1. Could you check how many residues of the stretch 38-61 are within 16 Å of the chain's Cα centre (by Cα) and farther than 16 Å from residue 19 by Cα?
2. Give the residue that is surrounded by the fewest Cβ atoms within 10 Å (Cβ to Cβ), with candidates limited to residues of the stretch 21-50 that are part of a strand (DSSP E or B) and touching a residue at least 24 places away in the same chain (Cβ under 8 Å).
3. Please specify each residue of the stretch 51-61 satisfying the condition of being closer than 22 Å to residue 6 by Cβ, part of a loop (DSSP other than H, G, I, E, B) and free of Cβ contacts under 8 Å to residues at least 40 places away in the same chain.
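Read-outs throughout are calculated quantities, based only on the coordinates presented, and are distinct from any laboratory measurement. This one's a predicted model, so the numbers in the text were calculated from it and none came from an experiment. Neighbour counts are summed over all protein chains in view; Cβ atoms, including those assigned to glycine, are modelled from backbone coordinates with ideal geometry.
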């Protein structure tokens with residue numbers, strides 16, 4: 001992302017996200033929403049960044 005305003009409080013390595021700051025492993029959002037897809041989450045794999053938005057140019061499918 002060009003001219004990204006990296007939020008140094010939100011580390012992120014998901015380069016497929018529209019909010020990822022290019023070569024910096026930070027998110028450009030002021031805040032993110034973390035949720036779960038499980039009724040009773042017990043491990044990290046049960047959590048999700050619900051602020052994730054796939055980049056339009058991503059061949060992720």
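1. Result for the stretch 38-61: 4.
2. Restricting attention to the stretch 21-50, the residues satisfying the condition of being part of a strand (DSSP E or B) are 26-27, 34-36, 47-49.
Checking the rest, the ones that are also touching a residue at least 24 places away in the same chain (Cβ under 8 Å) come to 27, 49.
On the way: 27: 25, 49: 17.
The qualifying residue surrounded by the fewest Cβ atoms within 10 Å (Cβ to Cβ) is 49.
3. Across the stretch 51-61, the qualifying residues are 51, 52, 53, 55, 56, 57.
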